[in-house]
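One structure below.
Values in this text are rule-based calculations from the coordinates and carry no lab data. Owing to the predicted nature of the structure, the values given are computational and were not obtained by experimental measurement. Ideal geometry is used to build each Cβ from the backbone, glycine not excepted, and the neighbour counts take in all protein chains shown.
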Amino acid sequence: MKNILKKAALLLLPVAAYFCVFAAFEPNNYFGLRPETYSEAPIARLKAYGQAPGPRVIIGDSRLAHFDMQQVEAVSGRAWQNLAFGGASLREGVDVLNWVLEQNPDLEEVVFGLSFYTVTKTYDADRMSTLQKTLDNPLAYFFNLEYNVNMLTALSERLRGVPGGGSEETGDWSWPADYTGPDGTVYPLHTRLATYPAALLSRCQGWAL
């Protein structure tokens, strides 16, 4: 019996070693081993909120996900936690809000973003059900192929000296033309974002409520 246990322990050693590497380098800070994470993945933001639920949250898609949270706090005078993520559907936004209320029934303020692109009958993504299972089950996180690939990528970039593990996602565009309108006007943000309000207003002028 002792020999069987020794052999089983030897077989489990590589798994235990890999788990230690996984926990140390996974970019989403799932286990809370680092004071902060550079990852903007949904699992990272939700896990961070679950570890320290605050009274104010931002929920929505990528239009809110890239907010400069230091500037948001400076403008509003209050601290917020950003739980928005790219392509979030209306269903996912509502699911995130319900999950947040479970974590913190004393929630005080919510900024809930809606988009004409995602609030449609044909777009009804549902990633939150899987995310909730992963948030509650560390083994589901550990055995998830996507998160293992993310960990190996972060480890590779750390070994190559990429700052922050290379996992930070930004909303910047690379080409000057992205910030320049057809008439030569240079905008402080992407041309589409700068001209979007005017285009939306022109389309809505003939509408009646």
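Diagonalising the gyration tensor over the Cα atoms of the range 1-119 and scaling each eigenvalue by 5 before taking the square root yields semi-axes of 38, 16, 14 Å, largest first.
Would you mind calculating the relative contact order of the range 64-124 from Cα pairs under 8 angstrom and at least 6 residues apart, reporting the percent as a whole number? Computed value for the range 64-124: 34 percent relative contact order. Distance between the 7 Å Cα→Cβ label points at Asp124 and Asn104: 3.1 nm. Exposure proxy shown here: for Val119, Val75, the number of other Cβ atoms within 10 Å sets the order, fewest to most, as Val75, Val119.
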